[in-house]
Amino acid sequence: MASNRYADPAIASALERGDTLPARWYVDTDVFQAERERIFHRTWQYVGHVEQLKNAGDFFTTHLGDMPVVVVRDTEKAIRAFANVCRHRGSEVVLECAGNRKTLQCHYHGWTYNLDGTLRAAPRENEQRAFARETLSLAPFAVETWGPLIFVNPDSTAAPLRDLIGELPAIFERAGIELAQMRMIRRDTYDLASNWKVVVENFNECYHCPIAHPKFSQVIDTESYRVDIDHEFYSTYYGPLLKSPARGVTYATLWPNLMFSMSANPPSMQVISAIPIDAGHSRQVVDYFFADDLSDEQMRDYVEFSDLVTREDVVLCESVQRGLRSGAIEHGKLMLSRERGIQHFQKLVYRWLST
Ligand code: FES
Ligand SMILES: [Fe+2]
């Protein structure tokens, strides 16, 4: 393998000191391309919830980085994922966001794939000698579920999902979340003019909360939180409630781009993905999960509060992007007592790009 241009001992030691990644890593299109190939094409990423695929033939489409993906429940009731890229001339096979189909027929020239990804038929294939249909299946990706959550990895040789999530299931239980009981009831998306790493990093600390989230800071004790960085692929922190002895909010960030916010009373969870679009843009997808017994009013209050905080965060992230893009600073300086989660995340970014 050629020597890696991102391996730089000076960056590694700067991260140890609590400097942030170089500002140019948030704006440079070469870095972004390297992240696509080295991170998003070879890590487990959350794509949705099993109830989106209740019946055989149910499907939805999504992206892992720039990779178009179709996730489908096949005729044997197994969940499968494929590159949503036609073996004919490379069109996306399926354009719709979701639906139910007996086959995956490409919208361009009608090549038709079975739900297991094999090519069933191509118009006029009888006119072509030795058309090797069996060599023209959709590229299969690894799929695993954790409770009701579906994860896909384009690297079909990847280590299993459980190696990534480690003790997170026990942390969810302690946070008051029984994953099997949670139902996804809503998805909101926010388009941001900021790099995906800025979005993850903003979630990883509550140092900004007293200043930037006044309403949130009336509810959550933003002073006493402690970040736990003892695990390889995720960090967590806990925010106690200010006016109640009830269990507070547990936050978790799972490599590379998934974030959880979990409350016990009532049991509620947000599963948040920071989807990279280009070096300067990302899409934040917020999936809301509740246990069955939540009233409409409770749900509305929860979603409104969360939306307010997210909108405040969008302003922060876009402001960071403009500053990093300006060239005025080479890197930032973390306040480590509060921002160890960012350091934990940035070390993983560096590790993936440099090895
Ligand atoms: S590109 Fe799919 S059928 Fe032609
Ligand atoms: Fe925030």
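The values are calculated or read from the model by the stated rules, or taken from the named source; none is laboratory data. Not measured: the values here are computed from a predicted model. We place every Cβ from the backbone using ideal geometry, glycine too, and count neighbours over all the protein chains shown.
Numbers below:
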{"quantity": "First in region 96-122 and in contact (Cβ under 8 Å) with a residue 40 or more places away in the chain and in the same structural domain as A81 (by TED's automatic domain parsing), second anywhere and hydroxyl-bearing (S, T, Y) and within 11 Å of ligand 1 (Cβ to nearest atom), Cβ under 6 Å, 6 or more apart", "calculated": "L104/Y113"}
{"quantity": "Filtered residues of region 158-180 (kept if touching a strand residue (DSSP E or B) at 6+ places or on another chain (Cβ under 8 Å) and over 30 Å from G239 (Cα atoms))", "calculated": "A158, P160"}
{"quantity": "So F32, is it farther than 24 Å from A328 by Cα and either assigned by TED's automatic domain parsing to the domain that holds L258 or among the hydrophobic types (A, V, I, L, M, F, W, C) (or both)", "calculated": "no"}
{"quantity": "Region 151-210, subset of a type in the set (D, E) and either within 16 Å of ligand 2 (Cβ to nearest atom) or not in a loop (DSSP other than H, G, I, E, B) (or both), residue farthest from V309 (Cα to Cα)", "calculated": "D163"}
{"quantity": "Residue list for region 211-229, restricted to those being in a loop (DSSP other than H, G, I, E, B) and not acidic (D, E)", "calculated": "H213, P214, K215, T222, S224, Y225, R226, I229"}
{"quantity": "Every residue from region 1-22 that is among the charged types (D, E, K, R) and either modelled with pLDDT of 95 or more or on the phi > 0 side of the Ramachandran plot (or both)", "calculated": "D8, E16, R17, D19"}
{"quantity": "Any chance R183 is free of Cβ contacts under 8 Å to residues at least 60 places away in the same chain and over 17 Å from the mean Cα position of the chain (by Cα)", "calculated": "no"}
{"quantity": "Residue match in region 124-136 (condition: touching a strand residue (DSSP E or B) at 6+ places or on another chain (Cβ under 7 Å), over 17 Å from A83 (Cβ atoms) and modelled with pLDDT of 95 or more)", "calculated": "yes"}
{"quantity": "Residue list for region 79-121, filter: in a strand (DSSP E or B) and of a type in the set (G, A, S)", "calculated": "A81, A83, A98, G99, A121"}
{"quantity": "Positions within region 45-61 being over 11 Å from the mean Cα position of the chain (by Cα) and of a type in the set (S, T, N, Q), in sequence order", "calculated": "Q52, N55, T61"}
{"quantity": "Residue match in region 191-206 (condition: modelled with pLDDT under 95, farther than 19 Å from L21 by Cα and either surrounded by fewer than 23 Cβ atoms within 10 Å (Cβ to Cβ) or within 18 Å of the chain's Cα centre (by Cα) (or both))", "calculated": "no"}
{"quantity": "Selected residue (criterion: modelled with the lowest pLDDT) from residues of region 217-234 that are of a type in the set (D, E, K, R) and farther than 18 Å from M262 by Cα", "calculated": "E223"}
{"quantity": "Cβ-Cβ under 6 Å pairs, at least 6 apart or on other chains, region 42-54 side more than 12 Å from R187 (Cα to Cα), far side surrounded by 19 or more Cβ atoms within 10 Å (Cβ to Cβ) and among the basic types (K, R)", "calculated": "L53/R73"}
{"quantity": "Pair list, Cβ under 7 Å, 6 or more apart: region 150-175 residue outside the structural domain of Y234 (by TED's automatic domain parsing), other residue part of a helix (DSSP H, G or I)", "calculated": "I150/V50; F151/L161"}
